[in-house]
Amino acid sequence: MIRLIPFLFILATVTPAPAADIAVALTNERIAVDTGFSGAKLTLFGAVEGIATPRETVDIISVIQGPATEFKIRKLEKNKLIWTPGKARIINEAPGLYLTTSTRPIGDIAPLPDQAAYRLGADFLGVTVEDHIGDDITGSVFANAFLSEAEDAGLYHDQVGGIEFKKGALFAINVDLPANTPVGEYTAAVYLYQDGVLLGRDSAALIVNKVGIERQIYDLAHERPVSYGLLCVVLSLFAGWAAALAFRK
C-alpha cells in the first residue's frame, strides 16, 4: 500500500487538458439599409480555446446565412423570332444570402457528412424545384441554374482566405455584404476543425433592417398591401398627369 501512494499522488495532480472550442462575436449586430446603401463590411472577432498555436494547426469555416427567401426562375422560350420568359418555377429552401469564408477550400477541411449536416457550401443547402409534368427540364437543372445566377448576383459566394489570426488565439473574419443584401434576420456561424475533426462551433445573430423612408415603404408594402397598391396607383396617375402637363407647356 505504501508503494502506491506516490503513484496515486501523481494521478491526483494530473489535470485533463482543456477541450478545444471556438467563440465568435460581431462588431456590429445591426446593418442599416437606406436609399444610398451600397454594401457593408462585416467583421467577426473570435478566439480559439484550448489550442496553443491555432494559426498553424486548425482550420476555420464561417457561414453568413440570410433569411429564407422565395426566388423565381424562368426558362427562356423562343416564340418565332423573340425569346420570352417561360412559366416561373419557385425555388424552395433558399436563403436570401449565403456567404462562406474558410482558411482552405471547405471540401479540404470538413468531411462530406459534416458538409451535409451543417450545410457547409451552397451545394448542401438543399435547394429544390418541383418538376412539372410535361416540362422537358428537371427541377435539378433549374436549381443548378439558380445557384449559378445567385453567385453571379453576389448573393452566394465562397471565399478562401479572409480569416486573419491575431495575437495568440484571436482571429478576425472580414465579410463584404453586397448592395442587394436582403433585409431580415441572419446567422453568423463559425466551425473549428483540426485534421478533419470538428472541435467546436459558435454563432451570432445579425439583423439587416431598412431605415428612413425605405423602412416606411417596406412596412407599408408588407403590412398593408392594399393601401400600398392604391398609393402606387395614385402616384402613377399623378406622375402621368405631371408629365402630360409638362409636355403640353
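Laboratory data are not the source of any read-out in this text; all were calculated from the coordinates shown. The structure presented is a predicted model; accordingly, all values stated were derived computationally and were not measured. Every residue, glycine among them, receives a Cβ derived from its backbone with ideal geometry; neighbour counts consider all protein chains shown.
Note on the stretch 15-210: Lys pairs 8 or more places apart or on different chains, Cα atoms under 27 Å apart, count 8. The tail of the calculated P(r) for the stretch 16-111 beyond 21 Å holds 61 percent of all Cα-Cα pairs.
A cut-off under 11 angstrom between Cβ atoms defines the neighbours of Val63, and their net charge, with Lys, Arg +1 and Asp, Glu -1, is +1. Taking a ≥ b ≥ c as the square roots of the eigenvalues of the Cα gyration tensor, the stretch 15-210 is prolate, since a/c reaches 1.5 or more and a/b is larger than b/c. Got a sec? Which residues in the stretch 159-187 would a label at Arg104 touch, if it sits 7 Å along Cα→Cβ and we count backbone N under 19 Å? Hits in the stretch 159-187 for Arg104 at 19 Å: 159-165. The slack between Asp195 and Asp21, meaning 0.36 nm per residue of separation minus the straight C-alpha distance, is 61.2 nm.
For Ser148 and Ala179, FRET efficiency with R0 = 22 Å and r from the beta-carbon atoms, rounded to 0.05? E(calc), rounded to 0.05, equals 0.65. With a cut-off of 18 Å on the backbone N, the residues of the stretch 182-201 near the modelled label site 7 Å out from Phe124 along Cα-Cβ are 187-201.
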